[in-house]
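For reference, the structure discussed in these notes is given below.
The values are calculated or read from the model by the stated rules, or taken from the named source; none is laboratory data. Values in this document were obtained by computation on a predicted structure and should not be read as measured data. Note that we place each Cβ from the backbone using ideal geometry, even for glycine, and neighbour counts take in every protein chain shown.
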Amino acid sequence: MEQVMELSAAVRRAHLKEMAEQPLDVLVIGGGITGAGVALDAAARGYRVGLIERDDFASGTSGASTKLVHGGIRYLPQLDFPLVREALRERGRLLRNAPYLVHPLSFILPLYAHSRHPVGLPVAPPGGIGLGAILNTGLTLYDMLAGKENIGSHRRLSRQEVTARAPCLVPEGLKSGFIYYDARTDDTRLTLAVLRTAAAAGARLANYCQAVRFAHSSGRLVGVYARETLPGASEGESDEHMITARHIVNATGVWAERTERLAGDAARLQIQPSKGTHLVIARERLGLGDEAIVLPETEDGRIIFIVPWQSRALVGTTDHAVREIEDPVATEDEITYLLGHLNRYVRAPLSRDDIITTYSGNRPLLRLTTARTPARLSRTHAVVESADGLLTVSGGKLTTYRRMAQDVLDRIDHREGRAVCHPTLTLALVGAEGWAEARGTIAMRGRALGLDAAVIQHLGGAYGTEALGLLALVAGDARLGRRLVADLPYIGAEVVWAVRAELALTVGDVLARRTHVALEDRTRGASVAAEVAALMADELGWSREERTRQAMAYTAYARQQAGPLASRIPPPTDLTVIQPARPREASYRWRRPSSDEYR
Ligand SMILES: Cc1cc2nc3c(=O)[nH]c(=O)nc-3n(C[C@H](O)[C@H](O)[C@H](O)COP(=O)(O)OP(=O)(O)OC[C@H]3O[C@@H](n4cnc5c(N)ncnc54)[C@H](O)[C@@H]3O)c2cc1C
């Protein structure tokens, strides 16, 4: 009988208890991609590690990216070659270590007669003469920096080829273009895959648990007071836990400076949060195929990507310095900015009504002393150490999370006097081992269960070999094979799986991060909040009142996130709740992760 690692509310409670009762080697604060990476690397090196996240995993910046795994062509004009090289090498590793989650993606970069500063080129040749040659040189460099990790060499495209590949682009003034290669991923599912891999290697994980105070002894940090932030999550036990650890890692992204101050330290890293907003549009509305498009130039010297992502296109992003970092939401100005630039380049202009949803996040940019504008701040990362021993890691990108984590763990190995090793270089993430062989089985079993091709493809792409576990849930209860939203491939089994295997504790955890209904549905999933709450209630033992409260809380959250588009989401009233039976389990047995099994 096959076994699936359980990561449920009960396991979370057990993990918290263990963290509070037995000192850790490493405590990680922050459950975005960076903290997840640190927890995995620490566990893989044999450390006793715990991670706490004040909200849900990937609820910060890591759930709001453009979802690219890339070197970043726009950093070339900034001559940030070390960053590009590092990111391109990490791209290659991710393609190997998580092949179901990270996929090569081709980008069409059009060149227009009016182009002067495409891709943020700082100098404009007179009349744009020679721009093609300059871009060609830049892309050659990009290919070279990727070295043997390169996905494919870039190539010049004729005007006709650009039009054939990107028919949505306005033909007037189009001269030629380029095709080059990078990769795309699913940011929240990547974070979850890293966390599940860490848990399999012995890491203890708790979402909804915030570091609120630090404990010192003889001038050194020795622990953290962590408070549960979800009402009822501690089930009558104390909702504050003292966790002691020899090494404490601050991986709180844009909150890193605040966390340093909370520890009583002067902030060593200067973070300049920079807000980025995306529009989500139906792919067919744009006529977008499987290739991304780079809108080469905005008035403020930026580029905008149109990225095919599931059934939608992501259009973004904006980039401007902000002070307020909690709950970023698209503003009217940002929507107008993005629509304005999009409409300069697409044949059939889009209106606000064509926007399905928007989403925003804050980049943790590191302030360099010479930087004046957010676009010139650094995407590189830094690891700094305060006098009391707090290790803070911030900056970087989704793409470079593994390298960031490695740098942190090298410091810890050094402190411990251990020989440095880099196990995550080749460590396959959960769902990746045996993926090539499992694909056929997943397709076959999915078809036998009556699932359509889009659902089967989605399950493989989101869960890798673990899709077999979801199919087992459908085998146990056919109703779990039903789509949650008619035009999206998410099914009921994913709700049950999220609760049992991915520590989902609220309706928002399922709709916004375990799945992306919140991003791909016009009501942000508010129309299915009650159904999801009912499925979760069955798993988590929620009362009827709690179920209703959860669904209503989600709808309120969806309206807040929708910002200027909130009027499309019905207010949270009159919920019709379906009541599914508890699914029987077919050939799967759930097992608790054991901390020592991989040692
Ligand atoms: C618009 C945009 C587009 C981007 N696109 C890309 C892209 O396409 N490719 C790419 O490689 N990178 C991209 N990035 C960058 C990338 O998303 C970030 O660098 C990365 O997600 C940062 O991850 P993190 O874990 O450091 O921060 P976060 O994901 O923000 O995680 C920090 C976590 O710490 C938690 N926390 C804070 N305080 C506490 C506390 N006291 N106790 C416990 N937990 C706490 C927060 O809740 C949060 O979940 C983009 C960023 C933005 C904003």
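Starting from residues that are in contact with a Phe, Trp or Tyr (Cβ under 8 Å, 6 or more places away or on another chain) and of a type in the set (Val, Ile, Thr), keep the ones in region 484-508 and report whichever is nearest to Ala10 (Cα to Cα). The residue in question is Thr506. Going by the conditions given, is Ala245 at pLDDT 90 or above, in contact with an Asp or Glu (Cβ under 9 Å, 6 or more places away or on another chain) and among the aliphatic types (A, V, I, L, M)? Answer is yes for this residue.
Identify, from the list Ser311, Ser274, the residue that is modelled with pLDDT of 90 or more and either of a type in the set (S, T, N, Q) or under 27 Å from Asn207 (Cα atoms) (or both). Matching residue, one of Ser311, Ser274: Ser274. The set of residues in region 465-492 being free of Cβ contacts under 8 Å to residues at least 40 places away in the same chain, crowded, with 24+ Cβ neighbours inside 10 Å and in a helix (DSSP H, G or I) consists of Ala467, Leu470, Leu471, Val474.
Each row is one residue, and each column tells you yes or no for (1) crowded, with 20+ Cβ neighbours inside 10 Å; (2) of a type in the set (A, V, I, L, M, F, W, C); (3) part of a helix (DSSP H, G or I).
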| position | (1), (2), (3) |
| --- | --- |
| Val532 | yes, yes, yes |
| Glu539 | no, no, yes |
| Glu546 | no, no, yes |
| Arg549 | no, no, yes |
| Met552 | no, yes, yes |
| Tyr557 | yes, no, yes |
| Ala566 | no, yes, yes |
| Pro571 | no, no, no |
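Look at Gly253 and say whether it is within 14 Å of the ligand (Cβ to nearest atom) and either within 25 Å of the chain's Cα centre (by Cα) or without any contact (Cβ under 8 Å) to a residue 60 or more places away in the chain (or both). The answer is yes for Gly253.
For region 219-239, the candidate set comprises residues that are part of a loop (DSSP other than H, G, I, E, B) and at pLDDT 90 or above; within that set, the residue that is farthest from the chain's Cα centre (by Cα) is Gly219. Within region 67-88, being in a helix (DSSP H, G or I), buried (at least 19 other Cβ atoms within 10 Å of the Cβ) and either more than 12 Å from the ligand (Cβ to nearest atom) or β-branched (Val, Ile, Thr) (or both) holds for Ile73, Val84. The single condition among (1) without any contact (Cβ under 8 Å) to a residue 40 or more places away in the chain; (2) away from the ligand (no atom under 12 Å from the Cβ) that Arg258 does not satisfy is (2). Residues that are among the β-branched types (Val, Ile, Thr) and more than 14 Å from Ala36 (Cα to Cα) were ranked within region 396-425; the one that is nearest to the ligand (Cβ to nearest atom) is Ile412.
Each residue in region 434-464 was checked for being within 22 Å of Thr399 (Cβ to Cβ) and surrounded by fewer than 22 Cβ atoms within 10 Å (Cβ to Cβ), and 2 of them qualify. When residues in region 159-200 are screened for being part of a loop (DSSP other than H, G, I, E, B) and either touching a Leu at 6+ places or on another chain (Cβ under 6 Å) or within 22 Å of Thr399 (Cβ to Cβ) (or both), 3 of them pass.
Annotation: of all residues in region 253-290 being touching a strand residue (DSSP E or B) at 6+ places or on another chain (Cβ under 6 Å) and of a type in the set (S, T, N, Q), the one that is farthest from Asp521 (Cα to Cα) is Thr259. The set of residues in region 410-461 that are touching an Asp or Glu at 6+ places or on another chain (Cβ under 6 Å) and in a helix (DSSP H, G or I) contains only Thr424.
When region 15-40 is filtered for residues that are out of contact with any Ser or Thr (no Cβ under 8 Å at 6 or more places or on another chain) and near the ligand (Cβ under 10 Å from one of its atoms), the ones remaining, listed by number, are Val28, Val38. Applying the criterion of being among the basic types (Lys, Arg) and not in a loop (DSSP other than H, G, I, E, B) to the residues of region 306-348, the residue that is surrounded by the most Cβ atoms within 10 Å (Cβ to Cβ) is Arg312.
Does Ala64 satisfy the criteria of being within 27 Å of Asn207 (Cα to Cα) and within 16 Å of the ligand (Cβ to nearest atom)? Yes: the conditions hold for Ala64.
How do the pairs read when you match residues in region 268-279 that are of a type in the set (A, V, I, L, M, F, W, C) with residues anywhere that are part of a loop (DSSP other than H, G, I, E, B) and more than 7 Å from the ligand (Cβ to nearest atom), using Cβ under 9 Å and keeping only pairs 6 or more apart or on different chains? From region 268-279, the pairs are Leu269/Arg367; Ile271/Arg367; Leu279/Ala330; Leu279/Leu350. For Ser59, the conditions (1) farther than 30 Å from Arg156 by Cβ; (2) part of a helix (DSSP H, G or I) all hold with the exception of (2). Looking only at residues of region 41-61 that are within 9 Å of the ligand (Cβ to nearest atom) and either hydroxyl-bearing (Ser, Thr, Tyr) or over 22 Å from Val249 (Cβ atoms) (or both), we find that the one that is surrounded by the fewest Cβ atoms within 10 Å (Cβ to Cβ) is Ser59.
For region 419-464, a residue qualifies if it is within 27 Å of Met404 (Cβ to Cβ) and free of Cβ contacts under 8 Å to residues at least 24 places away in the same chain, and the qualifying residues are Ala419, Val420, His422. Answer with yes or no whether Val4 is under 20 Å from Ala504 (Cα atoms), more than 15 Å from the ligand (Cβ to nearest atom) and at pLDDT 95 or above. Answer is no for this residue.
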